[in-house]
Amino acid sequence: MQRQLTRRPYGHGRYVLNSPSAMEDEYYDPLVNASQLAQEAFQADPVQGERLTNFSEFNASRRDGDRSGPLSGVQLHGKIINDPIHGTFRLDAQCKVIFDTRQFQRLRRLKQLGMTYYVFPGASHNRFEHSLGVAHLAQKFAMQLWSFQGAALDVDRSDVRTVEVAGLCHDLGHGPFSHVFEREFLKRKGILDWDHEDMSAKMLDFLIDENHIDSISPDDVSRVKAFITSGHGVGAQEASKVTLGGPTKRWLAEIVANGRNSIDVDKFDYLARDATYCGVNLSCNFNRLMQFSKVIDDEICYKYTEYMNLYELFHARALMHRSVYTHKKAKAIEFMVVDALLEADKALKFSEKIWDASEFVRLDDNILDYVENFDFYSSIFSLRDDSTETHIRAAQRIIERLRRRQLYKYVTDAPIPFEVLERGRWEAPSAQDVINCYKGSDVNLSAEDVIIQENKINYSMRDRNPLDHVHFYDYIESNEKRKLRPEQISSMVVQNFEEKRLRVYSRNPDYKYVNALHEAFEEWLGKTFGTKAIASTPAKTLRKERTWSKPK
């Protein structure tokens, strides 16, 4: 009996299969879009999916015992997501279990781009939607490889589900204001042995224990944590150990966090999402990369025609770092926030909460509002203490400047000559080194008011070409992989894959002070590099700011 598509009484753009046996089909979910069923059919068996003309054939084939595809044994239940970047997609039921917890919902309160939102008004997206997008792409990439290579990969639906959950949970361990917390605040606190990947693994354990989740086996939890940490250091080794079981499945770990060459769905999503919300156009085709890939010798390889597409991926990353992630105004705001957090931490001690997941889960972007309105909260919860007063007031003065847009001033910057970096003897100057080069006498420069930032922009592997760590295949049927040299593809591929620039900022916004600091930095450049490096912006008369005095 042929089934007909009819709209549900309450709409929502979804369809049901009008058949007496519809609810008897253990694989049928009445809340899944018809288009989603078609997509699943094609992914399960591209050949069969191509020739099916209606859903009655699709469901009948599955009821009659033809369950050899990737969807075998799995009910089509989960969470329907309508995403502005990837459209409508469905997350697995195990993802839904994690989705509906306070630990995961915390990601709604973490801006994806931290303080960049203060410069790019459209960058209001959070770690929450990024994590959903990574989970979707992880599932999509794994299913594409599985449907293409089938039994040769020795994987099953549980492997795909594990990768999807890893994509969903990979950012659970991010602190307030995303990378600012880890790379700026903790670094200035002298805490160098903490990273958000390891905290994501701890947060996953805490999430599962706190919510009494038993639908995810301990083995799968270990694999998810290994996939999350596989992109760095010891985590990559642990991922290799955990995924061993018969033939190695290290390639699964490369989908979410690729420690081999940094090509993973995390990068696919954040570049597409961040560029969209910041109004930046990128030229890389992420979907094409997934389509023209296959697993050879336990490694995800790409067709040789995708070399320039992959090059554009890393070029897009460098572009986003240059124009968005390290925007000079955004960095000035980050320095202000870090200064405020450092003062507040002397009283509130939240840097001591980063080791225990049950305490860390309370830290999010709202911490700045808490410090700003400490008087209100302290009156309610009796938190006031004479020892905290001084530090809280200092933090509040910085936040007040931020609210009034009285920002730290960007002075200038200069590239560090490549030959200096190549010798390996480069060391960034201190603020005092620059001040000592000031020859004037009308301004009294202070090291406390000067910030020297070494800004690095690369193709994700420091000064190395990440494509040197990628293997390619020639034809779709090929089982041999090889590396390609840039000159085999194009003579326009860049030769250097990392640049470093010195940036100078002033906490004192007075235009005379800023110009004096500019002169000191130019003098330091000439003394250190001669004519090999010059400041990127000439000294100029800045408009006078509103009256500002240094906090006592």
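The values are calculated or read from the model by the stated rules, or taken from the named source; none is laboratory data. Here the structure is a predicted model, which means the values were calculated and not measured. Every residue, glycine as well, gets a Cβ built from its backbone with ideal geometry; the counts of neighbours run over all protein chains shown. Just so you know, the surface numbers come from the protein's heavy atoms only, side chains and all, with ligands and any DNA or RNA stripped out. Shrake-Rupley method; radii C 1.70, N 1.55, O 1.52, S 1.80 Å.
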Is it fair to say Val411 is assigned to a helix (DSSP H, G or I), over 24 Å from the mean Cα position of the chain (by Cα), closer than 22 Å to Glu522 by Cβ and not acidic (Asp, Glu)?
no
Being assigned to a helix (DSSP H, G or I), charged (D, E, K, R), free of Cβ contacts under 8 Å to residues at least 24 places away in the same chain and more than 20 Å from Met115 (Cβ to Cβ) narrows it down to one of Arg362, Arg393, so name that one.
Arg393
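Only one of Ile489, Ile452, Ile416, Ile476 is open to solvent by 20 Å² or more (accessible area, probe 1.4 Å) and within 17 Å of Ala535 (Cα to Cα); which? Spell out how you get there, then give the answer.
On the way: Ile489 fails: within 17 Å of Ala535 (Cα to Cα); Ile416 fails: open to solvent by 20 Å² or more (accessible area, probe 1.4 Å); Ile476 fails: within 17 Å of Ala535 (Cα to Cα).
Checking each option against the conditions leaves just Ile452.
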What are the residues in the stretch 159-218 that are surrounded by fewer than 16 Cβ atoms within 10 Å (Cβ to Cβ) and without any contact (Cβ under 8 Å) to a residue 24 or more places away in the chain, if any?
Arg183, Lys187, Gly190, Leu192, Asp193, Asp209, His212, Asp214, Ser217, Pro218
Do you know which of the residues in the stretch 117-138 that are outside any loop (DSSP other than H, G, I, E, B) and aliphatic (A, V, I, L, M) is nearest to Ile81 (Cα to Cα)?
Leu132
Complete set of residues in the stretch 419-441 that are surrounded by 10 or more Cβ atoms within 10 Å (Cβ to Cβ) and part of a loop (DSSP other than H, G, I, E, B)
Trp426, Ala428, Pro429, Ser430, Asn436, Cys437, Tyr438, Gly440
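Which ones in the stretch 493-507 are in contact with a helix residue (DSSP H, G or I) (Cβ under 9 Å, 6 or more places away or on another chain) and open to solvent by 30 Å² or more (accessible area, probe 1.4 Å)? Quick ask: steps written out before the conclusion?
Initial filter on the stretch 493-507 (in contact with a helix residue (DSSP H, G or I) (Cβ under 9 Å, 6 or more places away or on another chain)): 493-500, 502-507.
Passing the criteria: Val494, Gln495, Asn496, Glu498, Glu499, Lys500, Arg507.
Identify, please: which residue in the stretch 275-295 is of a type in the set (A, V, I, L, M) and surrounded by 20 or more Cβ atoms within 10 Å (Cβ to Cβ) and is, among those, nearest to Ser323 (Cα to Cα)?
Taking the stretch 275-295 as the starting set, the residues that turn out to be of a type in the set (A, V, I, L, M) are 275, 280, 282, 289-290, 295.
Next, from what is left, pick out any that are surrounded by 20 or more Cβ atoms within 10 Å (Cβ to Cβ): 289-290, 295.
On the way: Leu289: 24, Met290: 27, Val295: 35 Å.
Per the criteria, the residue is Leu289.
Residue under question is Thr88, and the condition is that it be modelled with pLDDT of 95 or more, of a type in the set (Ser, Thr, Tyr), over 17 Å from the mean Cα position of the chain (by Cα) and within 21 Å of Ile228 (Cβ to Cβ); does it hold?
On the way: modelled with pLDDT of 95 or more: yes; of a type in the set (Ser, Thr, Tyr): yes; over 17 Å from the mean Cα position of the chain (by Cα): yes; within 21 Å of Ile228 (Cβ to Cβ): no.
Considered against the rule, which asks whether it is modelled with pLDDT of 95 or more, of a type in the set (Ser, Thr, Tyr), over 17 Å from the mean Cα position of the chain (by Cα) and within 21 Å of Ile228 (Cβ to Cβ), Thr88 comes out as no.
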By residue number, the members of the stretch 83-112 that are out of contact with any Ser or Thr (no Cβ under 7 Å at 6 or more places or on another chain), among the hydrophobic types (A, V, I, L, M, F, W, C) and either crowded, with 21+ Cβ neighbours inside 10 Å or within 30 Å of Tyr408 (Cβ to Cβ) (or both) are Phe89, Leu91, Cys95, Ile98, Phe104
